[in-house]
1. Can you tally the net charge around residue 39? Count Lys and Arg as +1, Asp and Glu as -1, for every other residue whose Cβ sits under 14 Å from the Cβ of residue 39.
2. Give me the dipole magnitude in Debye, nearest 20, for segment 3-101 about the Cα centre, with unit charges on the beta carbon: positive for Lys and Arg, negative for Asp and Glu.
3. Could you pull out every residue, at least 5 positions away or on a different chain, whose amide H is within less than 5 Å of the one on residue 50? Hs are placed 1.01 Å off N in the peptide plane, and Pro or chain starts have none.
4. Enumerate the residues in segment 71-99 having an amide nitrogen under 16 Å from the point lying 7 Å beyond the Cα of residue 39 toward its Cβ.
5. Taking the Cβ of residue 16 as the center, what net charge do the other residues with Cβ under 15 Å away carry, scoring Lys and Arg +1 and Asp and Glu -1?
6. Looking at (i) 29, 27, 21; (ii) 55, 30, 22; (iii) 34, 33, 23, which value of Cα extents along the principal axes in Å comes from a calculation on the structure shown?
7. Provide the net charge surrounding residue 93, with neighbours chosen by a C-beta distance below 14 Å and charges set as Lys +1, Arg +1, Asp -1, Glu -1.
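Values in this text are rule-based calculations from the coordinates and carry no lab data. Computed from a predicted structure; not experimentally measured. In this analysis, Cβ positions are derived from the backbone assuming ideal geometry, glycine residues included, and neighbour counts consider all displayed protein chains.
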Amino acid sequence: MAVVVNDDNFKDEIKEGVVLVDFWAEWCGPCQIMLPILEQLSADFEWRAKICKLNVDEAPATAGEFRVMSIPTIVILKDGEPVETLVWVQQADVLTSTLEKYL
């Protein structure tokens with residue numbers, strides 16, 4: 001299951017390893033399309049990478065820090081540093097191959 005992050009716990013959750021963060025919102029239709037894809041990734045990468053979800057309406061400071069202008073936006077981080085950003089709906093195979101590059 002994806003880890004829910006917000007402005008308070010974001011830095012602690014992303015500081016180690018490979019982390020995928022989904023910047024999303026409840027009202028965003030394309031974000032809803034991403035839900036089952038991210039849940040599957042969370043299971044597939046259970047011990048190798050962390051999958052996180054950040055609601056931009058509930059965590060505006062972090063969304064602003066990453067200059068999120070469109071959602072869904074996926075940011076891949078390695079040891080707390082952003083290494084790749086993908087915007088809009090992404091297929092599972094694209095996310096899998098992107099995560100695998102950083103493991």
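1. Local charge sum for residue 39: -1.
2. On the way: 8 positive and 18 negative charges, 48 e Å.
The calculated dipole for segment 3-101 is roughly 220 debye.
3. Correct list: 18, 19, 20.
4. 92
5. +1
6. The calculated read-out lines up with (i).
7. Numbers: positive: 101; negative: 44, 100.
Value of the local net charge: -1.
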